[in-house]
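The values are calculated or read from the model by the stated rules, or taken from the named source; none is laboratory data. Keep in mind the model is a prediction, meaning the values are calculated, not measured. Cβ sites come from the backbone with ideal geometry, for glycine too, and all protein chains shown count toward neighbours.
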Amino acid sequence: MNNKQEPTAWVNWCAATGKRSVSFECESELASQPLYLGRDWQGLTREDMDIAFDDTQEGGGFYEFAEAIEAILRRKNNGTKLDRKI
């Protein structure tokens with residue numbers, strides 16, 4: 001499995017005119033710069049759902065469950081640390 005992210009777009013420079021443009025294709029291997037504008041969305045696994053559910057069972061309600069899910073998704077998609085209350 002290849003985990004290398006593909007460029008979202010390319011900045012292409014024209015040597016003759018000095019102008020640059022953005023396109024979805026690489027026009028020149030020497031005069032194009034790849035743009036990486038984001039990562040693929042990371043959803044919840046069954047394990048993530050179980051953790052969120054288990055963390056809110058003792059006195060937790062709907063909002064606590066929603067906050068637990070939000071914390072897991074934030075960690076997976078932004079790389080922030082999961083702050084769990086156990």
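Worth a mention:
- Note on the stretch 21-42: residues that are surrounded by 10 or more Cβ atoms within 10 Å (Cβ to Cβ) and either touching an Asp or Glu at 6+ places or on another chain (Cβ under 9 Å) or under 30 Å from N78 (Cβ atoms) (or both) amount to 11.
- Residue satisfying all of: in the stretch 1-58; in contact with a helix residue (DSSP H, G or I) (Cβ under 6 Å, 6 or more places away or on another chain) and among the charged types (D, E, K, R); farthest from I69 (Cα to Cα) among these: D55
- Pair list, Cβ under 7 Å, 6 or more apart: the stretch 22-43 residue under 9 Å from P7 (Cβ atoms), other residue at pLDDT below 80: Y36/Q5
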